[in-house]
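Data first, discussion second: the structure below is written as structure tokens.
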Amino acid sequence: MLITMSEWIRTAASSPWIKRGLLATAGLCAVLFLAVGAYGAYLATFLELPKREDHPPLRLYAAPFQLKSDLSVKEVRLVERLQRLGYHAVTGEAAAAGDYQLTPQALTIYLHAQPESLAKARMIRLTLDQGIVTEVLSMPDGSPVFPVYLEPELISGLRGASRQVREWIPLSEIPASVIDAVLAVEDRRFYSHFGIDPVAVGRAVWRNLARGLVVQGGSTITQQLAKNLFYSPQRTFVRKMKEALAAVVLEVKYRKQDILESYLNEIYLGQAGFVSIYGVSEAARRYFGKSLSELTAGETAMIAGLIKGPNTYAPTKHPALATERRDVVLRVLREQGRLTEEEWRIAVNQQVRVVPADDVLADAPYFVDAVLRQVEEVIETPLPEGLRIDSTLDPLLQQASTEAMESGLAKLERSYPALVGTGQPLQAAVVILEQSTGSVLALVGGRDYRVSQFNRAVQARRQAGSLFKPFVYLAAFEASREGKAPNLTPASLVADEPVTFESEAGAWSPKNYDRQFRGSVTLRSALEQSLNVPAVRVAKSVGTRAVTELLRRLGVTSPLTEDLSIALGSPSVSLLEITSAYGAMANGGIWVRPAILRAVADREGTSLWSATPDRRQAVSPQAAYLVTSLLDGVIQRGTAAKAKQLGFPGAIAGKTGTTDGYRDAWFVGYTSDVAIGVWVGFDDEQPVRLTGAQAALPIWMEIARRIVPERSPTFPRPSGIIARSVDPKTGQLATSQCPEQVSEVFIEGTEPNVYCEVHGGGMWERLRHTFGFS
């Protein structure tokens, strides 16, 4: 039986249950309406689109350069440093901040003001004697002043005139082609909807139901902007409703042009290493090395296509997928009449070419990545905008390292064609440390940052090979200094003869690089020639635990083996930690933790973090000096004798490293001021088939040639070190009858007291020593 609508209403009105249900529903709707209204009012009050001034630049600075006596103006490239900082030469007196005058007698500099350090602009004069600074004077009174620093240079990761990571571009300066491409694939009805596009939502719902899963979204540009600015990325119904309401509020509160400008500057478009790319202008610069106005139709379409999946469609990582997505955008543009048939044909046939801007790559990208990672660690939050970051980088040393590495690898590939065509490029890494402070002055993590952001100087762990041998001898010298076995000195003889050691893994018979044995050799000769068998014998006598404990004190944190293979460098280490360990030997046995970061301040200048030096006396100055003396012999007569070609009057110490199968080639060397480490190899550990002397040493030599002063001082000899003349064949004190005599250094109290028993004599030497004439 059918009833009319009016009858149903009369029946419902007379039913108390239905009446209550209707009232409850109406009340719930009213509450919901009020809640939405209140939330909308709240959003209208507090939602603000970002402005250009909301993105202050993140400023990352190099270390300030100290002006002090004894500097060589030429060797430290002081004029170039001034010019990089915007100083200009004048012929008359320096009269304004930024002027400098150079004469044979003096370099006068009118320093810029340095607000961060509360330093006002002032004039100083460096008096010169044949190009060497003799005094640093404050002008015009001529009083000595110390310390004086040049302002730090702004470095990589921050580019262009504004030096920003994210550069805000007004909508009026964004080409119509870029706007058309973005609207075509993201929100074609942007100018007609009110923040929510019912047509797009309906189409998305229909396609998702037809496919049985979510394959398409219906968010407008305004919704995407609201989500990116104000909400978390999680997908829930409540979050989508908030996002939709926020989009409506933005549409009411702002003009379409304001919303579009914010969107095009705020949209996330991928990663360049550790730096996030925001905005279409930054994407054009990072991916193609161009401004927006210089983009081709294909490049414009590729940037627009990135919005759907910035990391999925990144041309640096997935060129095939990026091309596929670009072609989708180009097809839509053609269908909408934004491209002619000819323009479309040219664009789809254009090969993807990622060419990041020179200014993105030139100034230490691997170093910048490492700094930004550490900043996030120390402030325990994602990078806020407006930070001032002070680093330890020396830009000129960084430039020298990068250029030497690039030219060195190219030369290796020309000399050894087998290194090319292996499926991946030959790689290298460089670290320069100031051992007295631990400051990382330069760091190159790979050959081409555009191709790979993996930092081989910090993140890679490779077998150390012969680089570990000096630490075996260091452990032995330290034990001898303490009066413990095995009582070894640089003149002690050790057998370079066939030997077999038993271990849990079975019998092991170490062999030398050339498969030859030399009989009895001194420890000095064993290290200079990088002999394996003597190193293992010494490790056996001193104990592997003593070696591993020593390495730990020297800052090696990578896993270490507790067997005799440690003497030959079986553990894997990073270039940074092994260079730091070598630097401690040049620093009187004091290890200083490597540092790339000096300080961090927020946009108001409030300090968020500052570095505190972490140092310890890892080994005695005397034992460290003995090893330095041995490593000086490696340069003079040993496996790194090619380094003598540098012709420096000062001292250099260092060691080559070559691993089993020739997979890694190393050289780590140091002066009294800096330690330089170089690694060469392939990422997949395929053999390089070259030794450390062949592959790594030439790059190290070129870096040293550029940065090590000609007047580099010799290594200071600590107290408790004495020199004696010995016969290298016996290791005993030399007599007048010994055909060969060398001066050897010893820790006082460990020197030999027996005169050569092979060649005889020694009576006159004993008398001289007894009566104090020796």
Apply the Karplus parameterisation 6.51 cos²θ - 1.76 cosθ + 1.60, with θ equal to phi minus 60°, to every residue of region 692-702 and state each ³J(HN,Hα) to the nearest whole Hz, in sequence, with x for glycine and proline. x, 5, 7, 9, 8, 4, x, 5, 4, 4, 5
Calculated FRET efficiency, Glu75 and Asp563, Cβ-Cβ r, R0 45 Å, to nearest 0.05? 0.45
Share of region 611-728's accessible area from carbon and sulfur, percent, 1.4 Å? 47 percent
So, counting K/R as plus one and D/E as minus one, what does the shell of residues with Cβ under 13 Å around Pro594 add up to? 0
Accessible area per residue for region 234-335 in Å², computed with a 1.4 Å probe and the full protein assembly in place, what is it? 40 Å²
On a C-alpha basis, how far is the centre of region 607-658 from the centre of region 717-739 in Å? Whole number, if you could? 23 Å
Based on the alpha-carbon gyration tensor of region 56-113 and its eigenvalue square roots a ≥ b ≥ c, which shape applies: rounded if a/c is under 1.5, prolate if not and a/b is larger than b/c, or oblate? oblate
To the nearest 10 Å², what's Met139's accessible area with a 1.4 Å probe? 40 Å²
Any idea how far apart Glu376 and Ile721 come out in nm if each label point goes 7 Å out from Cα toward Cβ? 4.4 nm
Fully extended, how many nm does the chain gain between Asp684 and Glu757 (0.36 nm per residue separation, minus their Cα-Cα distance)? 20.9 nm
Where Asp614, Asp369, Asp660 fall by accessible area, highest first, once all protein chains stay in place (1.4 Å): Asp660, Asp614, Asp369
Probe radius 1.4 Å, ligands and nucleic acids left out: which of Leu523, Leu321, Leu488 has the largest accessible area, and how do the rest follow? Leu321, Leu488, Leu523
Is region 335-424 rounded, prolate or oblate when judged by the Cα gyration tensor, a ≥ b ≥ c being the square roots of its eigenvalues, rounded requiring a/c under 1.5 and prolate requiring a/b larger than b/c? oblate
For each pair in Lys484/Lys642; Lys469/Lys642; Lys484/Lys511; Lys68/Lys290; Lys411/Lys729; Lys74/Lys411, compute the distance between the two Cα atoms and list the pairs where it is over 30 Å. Lys484/Lys642; Lys68/Lys290; Lys411/Lys729
Say the dipole of region 338-445 comes from +1 at the beta carbon of Lys and Arg and -1 at that of Asp and Glu; which of Leu419, Thr381, Ser436 then lies farthest toward its positive end? Leu419
Ile132 and Gln424 label points (each 7 Å along its Cα→Cβ direction) are spaced in nm at 4.9 nm
Distance in nm between pseudo-label sites at Gln271 and Leu47 (7 Å out along the Cβ direction from Cα): 3.1 nm
Computed accessible area, Asp141, all protein chains, 1.4 angstrom probe, square angstrom: 110 Å²
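The values are calculated or read from the model by the stated rules, or taken from the named source; none is laboratory data. Note that the structure is a prediction, hence the values are computed from the model and not measured. Note: ideal-geometry Cβ built from the backbone for every residue, glycine included; neighbour counts use all protein chains shown. Ligands, DNA and RNA are stripped out before the accessible areas are found, and what is left, the full protein with its side chains, is counted by its heavy atoms. Shrake-Rupley method; radii C 1.70, N 1.55, O 1.52, S 1.80 Å.
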